[in-house]
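Below: the structure, in structure tokens.
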Amino acid sequence: MRTIFRPARLLLNLSVLLMAFFILGPILWLAAHAFVSGWQYPHLYPSGFTFTWWSKVFMDSALKTAIKNSLILSPIVVLLSMVICLPAAYAAGRMNYWGRKVFMIGIFSANSFPKIGLFAAIATLYYTLNLMGTFVGVLIIQLLGTIIYMTWIPAAAFASVPRNLEEAARDAGASKFRVFRTITLRMAMPGILVAIVMSFLASFDEAQGSYLVGAPAIYTMPTEMYSLVQNYPIQVAAVFSILLALPSVLLLGLARKHIMGGQLADGFQLK
Amino acid sequence: MISLRSKNKEEGSRAVTRARPSFLGLALSLPPLLLVLIFVGLPIFIGFTFSLGFTKGPNRIISIIGQQIHVKNHWWGTFAAYSDVFHDSRFLGDLGLTLFVTVLSTVLVILMGLAISIYQRLIRSKQASVLVTLAIIPLFVPVVISAWAIHTFYGGDGFLRSFFAQFGISFPTLTSTASAIVIGSIWTSLPFAILMISSGMQGIPDALIDAAKDCGAPVARIIGHILIPLAKTPIIIAASFTAIGILGSFTIPLFLGPNQPTMLGVEISNFFGSYNRPQQSLVMAFIVFLAASGIAILYVWSNIKSAKESGRI
């Protein structure tokens with residue numbers, strides 16, 4: 001089985017190449033546009049290279065405001081989400097209380113209502129509460145998208161901490177709080193980290209709801225992209241895309257090991 | 001194997017503890033529950049009453065602003081807005097396209113996920129880990145960027161067209177077609193499906209596969225009788241999440257799809273904003289929700305079944 005004969009190996013390498021082309025092609029193609037003066041069909045090479053698009057983005061006050069809004073909003077959303085959801089995740093992972101399953105499925109089904117329909121429906125409530133076009137309004141919209149990650153993934157992480165380790169520590173005389181801090185929390189940390197990364201991405205990338213509720217008063221980076229692709233040359237959108245993708249790429253480096261190690265997948269199996 | 005056995009034991013001990021009333025448990029789960037109830041449950045409920053023609057109370061303002069509003073004529077409301085939508089030929093086209101794209105993309109995503117995960121499970125090679133790593137990259141690209149990148153790549157000035165032009169071949173512009181939506185949907189859905197399925201496959205003990213091999217079972221049999229059945233739950237979870245995500249998608253069909261017919265996510269937004277017909281817009285949202293709920297039930301059923309099989313319930 002381990003020795004693959006030649007045609008199979010060729011097929012394999014070919015499929016890796018195709019996959020690389022399919023996944024990376026569009027990103028690299030767009031990214032390259034950030035550094036070119038023009039690039040038109042049917043030329044395979046651009047007409048010249050330039051950095052002017054970068055200064056254009058950093059000079060544009062609307063784009064700068066969008067960057068600032070995004071960088072302020074997302075950390076607040078993640079922190080709020082942690083405060084609201086992590087205790088519930090702990091309860092769902094460790095206590096077998098009545099209503100636990102209803103809670104988990106309720107959170108899940110709230111997530112399966114089409115987002116765009118929810119945002120249309122939420123307008124009524126937002127007008128009543130005077131949240132339309134406000135910072136708090138956008139904050140709540142983004143918060144809603146993080147709840148499923150911040151409850152389900154940490155719940156699975158808390159559930160998988162072995163009880164006998166905690167009991168051993170208690171027997172050795174550690175206080176309840178110390179056991180929680182040094183054993184339970186530490187062992188659940190990879191799951192919590194993955195939840196934080198996923199929540200940050202969910203908030204930072206949220207576009208539809210933030211646009212419907214925030215525009216035209218508040219623009220974030222993704223909502224700015226909607227108008228950007230219509231009103232600016234493609235190169236400006238390319239520069240903005242690179243900036244918008246930077247935090248995600250940094251987070252990828254941080255959490256790649258745990259996400260690929262199954263923390264994300266474990267989080268979505270109902271137990 | 002040792003880890004597997006200890007895991008079973010742990011699950012066994014969990015099965016003994018029955019669910020019991022706990023004030024603390026309920027209290028701790030209250031904050032996210034309240035948030036969801038107020039900002040998801042309540043708007044959906046109010047929206048549902050509005051779609052049935054309840055135009056008073058919280059729906060007063062939207063009824064004044066919106067056009068072609070139907071007011072209830074029975075105590076329970078009216079189906080007039082629903083009938084509007086179902087008699088709109090544009091909606092039927094949209095529904096067809098939405099279902100077509102959802103089914104095709106989900107099937108392709110799961111097939112790709114299965115192929116890569118099975119390969120990674122049977123042969124631990126460099127190519128396998130490169131494939132998985134590649135497939136996970138889209139998870140970290142904001143969907144607005146993915147949609148726009150795919151738009152430029154397959155578009156009129158895109159790489160594919162420019163590349164084939166070098167050989168005198170005029171490659172078709174894929175942007176603004178259903179194919180582009182399928183490409184975009186696969187691109188954005190692949191990471192989650194791969195993570196789910198490959199994690200399920202990795203959990204299958206080596207001993208089972210080795211035993212089958214020793215008995216002379218061909219690879220196809222190992223795949224069909226061991227790998228896929230044992231990873232059934234993660235596969236169903238991956239499929240239902242993928243389908244629900246694509247069913248309600250907005251940005252991908254907005255950037256990549258044709259103007260008419262378009263996917264329902266875009267049409268909901270069009271009806272709400274551009275056409276100012278909020279009632280019909282919400283009706284479509286509930287139709288999508290109904291389809292998504294059907295898929296969600298499959299997901300919950302599969303989860304509960306697998307929990308029962310392993311003795312957790």
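Distant-in-sequence amide contacts of A:Tyr97, defined by a placed amide H-H separation under 5 Å and a gap of 5 or more residues or a different chain, comprise B:Arg20. Among the listed pairs B:Lys232/B:Lys308; A:Lys115/B:Lys232; B:Lys126/B:Lys213, those whose Cα-Cα separation exceeds 19 Å are A:Lys115/B:Lys232; B:Lys126/B:Lys213. Here the gap between A:Ala168 and A:Val136, fully extended at 0.36 nm per residue and compared with their Cα-Cα distance, gives a gain of 7.0 nm.
What the phi angles of segment A:30-39 give under the Karplus curve with 6.51, -1.76 and 1.60, with θ = phi - 60°, is a coupling list of 5, 4, 4, 5, 5, 10, 10, 7, x, 7 Hz, glycine and proline written as x. Between B:Ile61 and A:Leu44, the distance separating the two model label sites (each 7 Å from Cα on the Cα→Cβ line) works out to 5.8 nm.
Partner lysines whose Cα lies under 23 Å from the Cα of B:Lys72, excluding those fewer than 8 positions away in the same chain, are identified as B:Lys56. Of A:Leu252, B:Ala292, A:Phe177, which is farthest on the positive side of the dipole of the protein assembly as shown, counting Cα position, with +1 on Lys and Arg Cβ, -1 on Asp and Glu Cβ, and the Cα centre as origin? The one lying farthest along the dipole's positive direction is A:Phe177. Overall, the anisotropy analysis places segment A:199-259 in the oblate class: the square-rooted eigenvalues a ≥ b ≥ c of its C-alpha gyration tensor yield a/c not less than 1.5, with a/b not exceeding b/c.
For A:Val36, neighbours were defined as the other residues whose beta-carbon sits under 14 Å from its Cβ, and their charges (Lys and Arg +1, Asp and Glu -1) total 0.
A dipole drawn for segment A:167-215 from +1 and -1 charges on Cβ atoms has a positive end, and of A:Ala168, A:Gly191, A:Phe204 the residue lying farthest that way is A:Ala168. The simple spin-label model puts a point 7 Å past each Cα toward its Cβ; for B:Ser83 and B:Ala165 those points are separated by 5.4 nm.
Averaged over the residues of peptide B:277-289, the number of Cβ atoms from other protein chains lying within 10 Å of each residue's Cβ is 3. Summarising the label geometry, the points placed 7 Å from Cα in the beta-carbon direction at A:Ala32 and B:Val71 lie 6.2 nm from one another. When the square roots of the Cα gyration tensor eigenvalues are ordered a ≥ b ≥ c, the ratio a/c for segment A:123-198 is 1.5 or more and a/b exceeds b/c, which makes its shape prolate.
D by Stokes-Einstein for the protein assembly as shown, Kirkwood Rh over Cα pairs, 20 °C, 1.002 mPa s: 84 µm²/s. Ranked by the mean number of other Cβ atoms within 10 Å per residue, highest first, peptides B:48-61, B:131-144 order as B:131-144, B:48-61. Couplings 3J(HN,Hα) of segment B:230-236, computed from phi: 6, 9, 4, 4, x, 5, 5 Hz, in residue order, whole Hz [Karplus 6.51 cos²θ - 1.76 cosθ + 1.60, θ = phi - 60°; x for Gly and Pro].
In chain B, a dipole from Cβ-located charges (positive for Lys and Arg, negative for Asp and Glu) runs towards its positive end, and of B:Ile64, B:Pro21, B:Ala135 it is B:Pro21 whose Cα lies farthest in that direction. Axis angle, to the nearest 10 degrees, between helix B:278-309 and the longest C-alpha principal axis of chain B: 20 degrees.
Less than 5 angstrom separates the built amide H of A:Val36 from those of A:Thr50, all sequence-distant by 5 or more or on a different chain. Calculated mean residue ellipticity at 222 nm for the protein assembly as shown: -23500 deg cm²/dmol, from DSSP H runs with n ≥ 4 weighted as -39500 (n - 2.57), summed, divided by the residue count and rounded to 500. In terms of its C-alpha gyration tensor, chain A has an oblate overall shape, because the principal axis ratio a/c (a ≥ b ≥ c, square roots of the eigenvalues) is not below 1.5 and a/b does not outweigh b/c. Remark: mean inter-chain Cβ contacts per residue of A:95-108 equal 6, using a 10 Å Cβ-Cβ cutoff to other protein chain atoms. Under the combined filter of DSSP loop state and at most 14 neighbouring Cβ atoms within 10 Å, segment A:100-151 retains none of its chymotrypsin sites (Phe, Trp or Tyr not before Pro). Taken residue by residue and averaged, Cβ atoms of other chains lying within 10 Å of the Cβ of A:123-130 number 5.
Only the coordinates and a few stated rules stand behind these numbers; no lab work does. On a predicted model such as this, the values are computed, not experimentally measured, just so you know. Note that we place each Cβ from the backbone using ideal geometry, even for glycine, and neighbour counts take in every protein chain shown.
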